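Before any comments, here is the structure.
The values are calculated or read from the model by the stated rules, or taken from the named source; none is laboratory data. All of these numbers come straight from a predicted model, not from anything done at the bench. Note: ideal-geometry Cβ built from the backbone for every residue, glycine included; neighbour counts use all protein chains shown. Note: areas computed on protein heavy atoms with side chains; ligands, DNA, RNA excluded. Shrake-Rupley method; radii C 1.70, N 1.55, O 1.52, S 1.80 Å.
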Amino acid sequence: MPAHYQIEGSTSAAISASVEGGIRSGTLAPGDALPAVRALATGLAVSPATVARAYQELRQRGLVVTAGRHGTRVRPRPPVAARRAGLLPPPLPGARDLSTGQPDPRLLPPLGPHLAALAAEIGPPTGYAAAAVVPDLADAARERLAADGVPAAEITVSGGALDGIERLLAAHLRPGDAVAVEDPGWANLLDLVAALGLRAIGVPVDDEGPTEPGVRAALAAGARALIVTSRAQNPTGAAVSADRAEALRALLAGRSDLLLIEDDHAAELARVPLRPLAGATPTWAFVRSVSKPYGPDLRLAVLAGDEATVARVAGRARVGAGWVSTVLQRLVLALWRDPATADLVHRAGESYERRRHGLVEALRAHGLPAHGRTGINVWVPVPDETVVVTALRDAGWSVAPGALNRIAAGPGIRITVSSLDEADLAPLAAAAARATQPTAPFGFTA
Ligand SMILES: Cc1ncc(COP(=O)(O)O)c(C=O)c1O
């Protein structure tokens, strides 16, 4: 912990408020260690139980994480706005930023012409009474999902995949409940699970999706929900294969105590067929975001599921945020209906495919066991993330440390291919190989 931040308070509420204040002001940064319970209790002249209660409350709200011998630390992205962000070292000026996990802005369809067309036909303002899921959008989504084997009689719309997942978890689970998530997995999802006061159980993932023994173990450990990324798993690029889908469907069949959530964020960008699990359990939802193919700022996902689950999500939204703006819904519908946009998205998918495959091959040629079956990221297991991230940064490449994505999985780095050109692949792979090599002792020459 930085020596200049003094945690204060004589009650557990005051101590946790003091830690939260430190995070808010940026003085306590993501990853900073908090003092040991006994040491802080002595310093504040309170009982260890008081400090332990404060830490527990912060943990339940997802602000801190306690990891055995490593003690209690501020989470990488605690759910309070802070001025300093992330575990990522700031990219060096001039370094190529491959750490973002963002789609390639050069490949997102232009929104201007669709906004102009929408402006011309927008009609009278939509008020509270008339706002809902736009029926044509629901029909188009149903058709698209049905073509991929997802039964979508019941459907609603959320403000993106993560918003949909948050609403699903809140509708079915209570703080303290366990959620099975892929490990390594999507960092934002791990942060959300913590912020909801839920417990994440890591499920190992290979190129074909979450492993069957991993899911089995998570169920045995009491998981109340399971979240599976259908394709373009973040960070490994895994996609659920036909065989894995069959094995998982058999394992999950009839589990009435489990909420099954599928996240198909790659959607139209994916170049492998969808192998859905939808409907394997009585309580299920399938979420498809428009962020990756059409742009994250659209903030829209369609959410299909069993009747009770969709009704809970839609009903809860109605008494809260209300609905996703019909202006956005109509814009997405226009994008879906436009053949030129479909062509752009198709070509974007092929471009990611070429660059990702190219990078995986180049890394493997250097002996690095890279993964990236689908999507926009390549995952490279490495012995020491900090060493490799720092060495690559010094060589002009900023990549993401896997610490943001991991529960118990081994270390790795995530490389987003969005800003790479094909000419970059060989020099990047060579730099990654150098960065993972143990440094020769000083003065040693072969
Ligand atoms: C696994 C996964 N799901 C979903 C998303 C997109 O989420 P949203 O629709 O909230 O933008 C991402 C974006 O990186 C992702 O990595």
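Summary table below
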read-out: Pick from segment 108-118, criterion open to solvent by 70 Å² or more (accessible area, probe 1.4 Å) and farther than 13 Å from residue 294 by Cα, ranking: farthest from the chain's Cα centre (by Cα); value: 113
read-out: Some residue of segment 193-214 being of a type in the set (Val, Ile, Thr), part of a loop (DSSP other than H, G, I, E, B), out of contact with any Leu (no Cβ under 8 Å at 6 or more places or on another chain) and away from the ligand (no atom under 11 Å from the Cβ); value: yes
read-out: Meets criteria (of a type in the set (Lys, Arg), at pLDDT below 95 and surrounded by fewer than 18 Cβ atoms within 10 Å (Cβ to Cβ)) for residue 347; value: no
read-out: One residue from 46, 64 being farther than 30 Å from residue 401 by Cβ and open to solvent by less than 30 Å² (accessible area, probe 1.4 Å); value: 46
read-out: Selection count, segment 241-280, where residues are surrounded by fewer than 20 Cβ atoms within 10 Å (Cβ to Cβ) and among the β-branched types (Val, Ile, Thr); value: 1
read-out: Unmet requirement for residue 142, which otherwise passes all of (1) at pLDDT 95 or above; (2) away from the ligand (no atom under 15 Å from the Cβ); (3) buried (at least 21 other Cβ atoms within 10 Å of the Cβ); value: (3)
read-out: Residue satisfying all of: in segment 353-390; closer than 30 Å to residue 194 by Cβ and assigned to a helix (DSSP H, G or I); most open to solvent (accessible area, probe 1.4 Å) among these; value: 386
read-out: Near pairs, Cβ below 7 angstrom, 6+ apart or cross-chain, from segment 338-364 (over 29 Å from residue 137 (Cα atoms)) to any residue that is of a type in the set (Asp, Glu) and open to solvent by 20 Å² or more (accessible area, probe 1.4 Å); value: 354/422; 355/422; 358/422
read-out: Count - residues of segment 283-309 that are away from the ligand (no atom under 11 Å from the Cβ) and open to solvent by 10 Å² or more (accessible area, probe 1.4 Å); value: 5
read-out: Every residue from segment 30-60 that is touching a Leu at 6+ places or on another chain (Cβ under 9 Å) and assigned to a loop (DSSP other than H, G, I, E, B); value: 30, 31, 34, 46
read-out: Residues (more than 15 Å from the ligand (Cβ to nearest atom) and open to solvent by less than 10 Å² (accessible area, probe 1.4 Å)) located in segment 153-172; value: none
